Amino acid sequence: MAAMPAVTIDSSKLPALLQAMPKAELHMHIEGSLEPELIFALAQRNGVQLSYPSVEALRAAYAFSDLQSFLDIYYAGASVLLKEQDFHDMAWAYLSKCKAENILRTEMFFDPQTHTDRGVPFEVVIKGLSSACERARTELGVSAALIMCFLRHLSEDEALATLEASLPYKDHFIGVGLDSSERGHPPEKFARVFARCQELGLHLVAHAGEEGPPQYIYNALDILHVERIDHGVRCVEDPALVQRLIQQGTALTVCPLSNVKLCVFKDLKQHNLKTLLRQGVKVTINSDDPAYFGGYLNQNYLETAAALDLTAQDAYTLARNSFEAAFASEADKANWIAQLDQTFTRFAA
Ligand code: HPA
Ligand code: ZN
């Protein structure tokens with residue numbers, strides 16, 4: 001665990017520091033950034049009929065009992081996305097937030113099958129998203145990359161077909177992930193497609209240990225060969241697994257507000273993030289599906305820090321972990337960490 005610059009920062013400054021400090025976001029589903037207002041605007045633009053009468057009624061439906069109850073609404077929300085411009089507008093709204101929240105790097109998940117299964121061509125999805133990423137780099141100075149997720153409730157053959165369709169656009173994404181309904185869809189179901197992605201030189205991640213057992217984390221590491229675990233909070237049920245994550249330096253992309261909304265933890269005070277962090281697990285904070293779970297990245301940092309009584313050193317470790325675990329060049333990471341150090345030094349003054 002890297003020490004922060006040797007400065008003292010008063011705890012009253014922590015909220016401002018959390019907002020101002022440079023950070024990376026490594027676990028955010030771009031379809032989960034669709035705000036109800038944008039869902040309604042796109043529905044009108046595209047002539048799509050929604051089953052909710054108003055923005056307020058839709059937002060009121062955001063009360064979830066588990067992952068599946070959320071996914072049902074999340075896939076319904078994504079049904080308004082039809083044209084390249086829709087994907088661009090959605091991503092641009094999120095990337096503008098990144099700028100405001102001092103997110104220097106974001107690695108955004110997207111779910112092509114949610115769209116191709118509705119007849120939207122892969123090309124439309126990837127072109128809309130990647131033009132927004134390119135625009136973020138030039139207009140906002142935000143470094144943005146895409147990670148293509150396979151929906152684990154569908155078959156491995158469908159994942160393989162999605163990979164095939166993506167190959168003409170392979171330069172537009174940096175890796176693959178595994179999301180959607182976890183229970184009953186273990187990592188090993190996707191062994192062949194992940195092996196193929198590894199051969200192609202793509203980065204590999206997978207959701208594991210959100211609702212699924214520690215064994216799913218082992219299998220994501222040992223069978224899929226992932227480099228980071230998305231969520232992973234159920235690792236605490238297996239102390240040997242926690243030791244392994246520490247020793248290997250495997251990052252967990254933890255999503256505190258998501259975990260509370262989907263009833264993985266009863267409330268933020270019960271969350272195990274601080275325990276894992278203090279044990280030396282490479283924990284990061286992320287927003288998952290910010291439009292659905294009550295806040296973007298800085299809100300996750302603020303509420304978690306307040307609930308768990310985090311210190312400035314904890315904040316530093318979390319932000320530094322986010323850069324170290326990013327799939328970016330060593331030069332970019334060193335540059336971002338230098339900016340992080342500068343912010344901490346400035347806050348102590
Ligand atoms: N878990 C699994 N699949 C998802 C999630 C999540 O939190 N968000 C969007 N797809
Ligand atoms: Zn997720």
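Couple of notes before you dig in:
- Heavy-atom surface of the chain, accessible at 1.4 Å and reported per residue (Å²): 38 Å²
- Nonlocal amide H pairs with residue 228, under 5 Å, H built at 1.01 Å: 206
- Dipole magnitude (debye, nearest 20) for the stretch 18-348, charges at Cβ of Lys, Arg, Asp, Glu: 640 debye
- The stretch 18-348 shape via C-alpha gyration tensor axes, a/c threshold 1.5: rounded
- Rounded accessible area of residue 316 (nearest 10 Å², 1.4 Å probe): 0 Å²
- Per-residue 3J(HN,Hα) values for the stretch 310-322, derived from phi via the Karplus relation 6.51 cos²θ - 1.76 cosθ + 1.60 with θ = phi - 60°, read 6, 9, 4, 4, 4, 4, 4, 4, 4, 5, 5, 4, 4 Hz in sequence order (x marks Gly and Pro).
- 13 Å cut-off, amide nitrogen to a point 7 angstrom out along residue 329 Cα→Cβ, residues in the stretch 166-205: none
- Amide H contacts of residue 25 (H built 1.01 Å from N, in plane; Pro and chain starts excluded): 105, 106, 107 sit under 5 Å, all sequence-distant by 5 or more or on other chains.
- A simple packing score, the average count of other Cβ atoms within 10 Å per residue, orders the peptides 203-216, 261-274 as 203-216, 261-274, with the highest score first.
- Taking Cβ atoms as reference points and 12 Å as the exclusive limit, the residues near residue 124 contribute a net charge of 0, counting Lys and Arg as +1 and Asp and Glu as -1.
- Cα shape, the stretch 3-122, gyration tensor, a/c 1.5 rule: prolate
- Placing R0 at 56 angstrom, the Cβ-Cβ distance between residue 117 and residue 6 gives a FRET efficiency of 0.55 after rounding to 0.05.
- Whole-Å distance, taken between Cα centres, linking the stretch 297-349 and the stretch 154-183: 31 Å
- In this structure, residue 160 and residue 309 have a Cβ-Cβ separation that, at R0 = 30 Å, corresponds to a calculated FRET efficiency of about 0.05.
- Residues with amide H under 5 Å from that of residue 146, placed H, sequence gap 5 or more: 108, 174
- Whole-Å distance, taken between Cα centres, linking the stretch 35-101 and the stretch 188-218: 28 Å
- For the stretch 182-278, fraction of C-alpha pairs farther apart than 17 Å, in %: 49 percent
- Backbone HN-Hα couplings from phi across the stretch 291-298 [Karplus 6.51/-1.76/1.60, Hz, Gly and Pro as x]: 6, 9, 10, x, x, 7, 4, 5
- Of all accessible heavy-atom area on the stretch 18-348, the percent that carbon and sulfur account for (1.4 Å): 50 percent
- Degrees between helix 36-46 axis and first principal axis of the chain (Cα, 0 to 90, nearest 10): 30 degrees
- Förster radius 25 Å - calculated FRET efficiency between residue 68 and residue 275, Cβ distance, rounded to 0.05: 0.35
- Residue-by-residue Karplus 3J(HN,Hα) for the stretch 66-77, coefficients 6.51, -1.76, 1.60, Hz, glycine and proline x: 6, 4, 5, 5, 6, 4, 4, 6, 4, 5, 5, x
The values are calculated or read from the model by the stated rules, or taken from the named source; none is laboratory data. Remember, predicted model here, so these are calculated numbers, not experimental data. So basically every Cβ, Gly included, is an ideal-geometry build from the backbone, and we count neighbours across all protein chains shown. We work out accessible area using only protein heavy atoms, side chains counted, and drop any ligands, DNA or RNA first. Shrake-Rupley method; radii C 1.70, N 1.55, O 1.52, S 1.80 Å.
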